[in-house]
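**Student:** Supplied in structure tokens, the structure appears directly below.
The values are calculated or read from the model by the stated rules, or taken from the named source; none is laboratory data. The structure presented is a predicted model; accordingly, all values stated were derived computationally and were not measured. FYI the Cβ positions are ideal-geometry reconstructions off the backbone, even for glycines, and counts take in every protein chain you see.
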Amino acid sequence: MIKVLIADDQPTVRRSLRAFLELDPEIEVIGEASHGREAVDRALALRPDVVLMDVRMPGGDGLTATARLAGPDVEQPIPVVVLTTFDLDEYVFGALENGASGFLLKDTDPDQLVLAVRAAAVGDGLVSPAVTSRVIREFVRRRPADATAAPPPDLTAREQDVLAAMADGLSNAEIADRLYVEVGTVKTHVSRIIAKLGVRDRVQAAIWVHQHPSWNRPD
């Protein structure tokens, strides 16, 4: 069972998200929060598998909450998927910097919502490639690459192929189709890439690619 906490200041949005998610018998909404501080308190108490986090909430924003739940200094991070209207504001980029695993449009269809939660629960941070890859490109545009950044780790040829596909916003299934391998094989490569890069998840790995323009991506 995948346990989910929903954080949004609008009761109607929370009810809609809950209704959509609970159509899946393997997903359970174990709590709700109306602002960031409440989201942190409830998440730490309930330890959900995924938090759906709005970024603009009065009484405690989702940016600070995301950092406290999934930031780089958190010993036991909880995956956070940011809920956004996709206006590409600084809140979204701040959430990305502070450990958000992915992004989801508030008006997404129920099937995509369920897919997003399932993906985040297993560490597949690019829950909506069309959204996340666009956010990453804009994020990197606003924060140029560091020319003094550390050199890339020793990746195998296949790991380089997988990393390039991750940076393109592909899911595990799409990477498997591109490279003619099994999804399980892709998952193994993704885990090794994340470990070698020293990043937390796929989103951060994709950012790494864009911030290291000297890395020789495979053709």
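**Student:** Considering only residues that are among the aliphatic types (A, V, I, L, M), crowded, with 20+ Cβ neighbours inside 10 Å and part of a helix (DSSP H, G or I), which ones fall in the stretch 165-175?
**Tutor:** Ala165, Met166, Ala167, Ile175
**Student:** Only one of these conditions is not met by Val92: (1) in contact with a helix residue (DSSP H, G or I) (Cβ under 7 Å, 6 or more places away or on another chain); (2) part of a strand (DSSP E or B). Which number is it?
**Tutor:** Checking Val92 against (1) in contact with a helix residue (DSSP H, G or I) (Cβ under 7 Å, 6 or more places away or on another chain); (2) part of a strand (DSSP E or B), the one that fails is (2).
**Student:** Which number in (1) surrounded by 22 or more Cβ atoms within 10 Å (Cβ to Cβ); (2) out of contact with any Lys or Arg (no Cβ under 8 Å at 6 or more places or on another chain); (3) under 16 Å from Asp8 (Cα atoms); (4) modelled with pLDDT under 85 marks the one condition that Thr84 misses?
**Tutor:** If we test Thr84 against (1) surrounded by 22 or more Cβ atoms within 10 Å (Cβ to Cβ); (2) out of contact with any Lys or Arg (no Cβ under 8 Å at 6 or more places or on another chain); (3) under 16 Å from Asp8 (Cα atoms); (4) modelled with pLDDT under 85, just (2) comes out false.
**Student:** Within the stretch 68-77, does at least one residue satisfy the condition of being more than 22 Å from Arg141 (Cα to Cα), under 11 Å from the mean Cα position of the chain (by Cα) and crowded, with 21+ Cβ neighbours inside 10 Å?
**Tutor:** yes
**Student:** Quickly run through the stretch 171-182 and pick out the residues that are modelled with pLDDT under 90 and hydrophobic (A, V, I, L, M, F, W, C). Lay out the reasoning, then the answer.
**Tutor:** As a first pass, look at the stretch 171-182 and keep what is modelled with pLDDT under 90: 171-174.
Ala173 - this is the single residue of the stretch 171-182 that is modelled with pLDDT under 90 and hydrophobic (A, V, I, L, M, F, W, C).
**Student:** Of all residues being assigned to a helix (DSSP H, G or I) and free of Cβ contacts under 8 Å to residues at least 12 places away in the same chain in the stretch 12-32, which is surrounded by the most Cβ atoms within 10 Å (Cβ to Cβ)? Just the residue, please. Please lay out each step first, then the result.
**Tutor:** First, pick out the residues of the stretch 12-32 that are assigned to a helix (DSSP H, G or I): 12-21.
Those still in the list that are free of Cβ contacts under 8 Å to residues at least 12 places away in the same chain too: 12, 15-16, 19.
On the way: Thr12: 8, Arg15: 13, Ser16: 17, Ala19: 11.
Restricting to residues being assigned to a helix (DSSP H, G or I) and free of Cβ contacts under 8 Å to residues at least 12 places away in the same chain, the top hit is Ser16.
**Student:** I would also like to ask the following. Would you please name the residue that is surrounded by the most Cβ atoms within 10 Å (Cβ to Cβ), looking only at residues in the stretch 37-60 that are within 18 Å of the chain's Cα centre (by Cα) and not in a strand (DSSP E or B)? It would help to see each step written out before you state the result.
**Tutor:** At the first step, the residues of the stretch 37-60 found to be within 18 Å of the chain's Cα centre (by Cα) are 39-40, 43, 47-56.
From the residues that got through so far, the ones that are not in a strand (DSSP E or B) too are 39-40, 43, 47-49, 55-56.
Working: Ala39: 31, Val40: 21, Ala43: 24, Arg47: 12, Pro48: 23, Asp49: 19, Val55: 24, Arg56: 17.
Only one residue tops the list, namely Ala39.
**Student:** Can you pull out every residue in the stretch 105-124 that is touching a Leu at 6+ places or on another chain (Cβ under 6 Å) and not small (Gly, Ala, Ser)? Write out each step before concluding.
**Tutor:** Filtering the stretch 105-124 down to residues touching a Leu at 6+ places or on another chain (Cβ under 6 Å) leaves 106, 116.
Lys106, the sole residue that qualifies.
**Student:** Here's a check for you: in the stretch 119-163, which residue that is assigned to a loop (DSSP other than H, G, I, E, B), within 30 Å of Lys3 (Cβ to Cβ) and in contact with a helix residue (DSSP H, G or I) (Cβ under 7 Å, 6 or more places away or on another chain) is modelled with the lowest pLDDT? Write out each step before concluding.
**Tutor:** Here is the first cut: in the stretch 119-163, the residues assigned to a loop (DSSP other than H, G, I, E, B) are 122-128, 143-156.
If we keep only those that are within 30 Å of Lys3 (Cβ to Cβ) as well, we get 122-128.
Right, trim to in contact with a helix residue (DSSP H, G or I) (Cβ under 7 Å, 6 or more places away or on another chain) and you get 124-128.
Numbers: Asp124: 68, Gly125: 61, Leu126: 56, Val127: 53, Ser128: 58.
Looking at residues that are assigned to a loop (DSSP other than H, G, I, E, B), within 30 Å of Lys3 (Cβ to Cβ) and in contact with a helix residue (DSSP H, G or I) (Cβ under 7 Å, 6 or more places away or on another chain), I get Val127.
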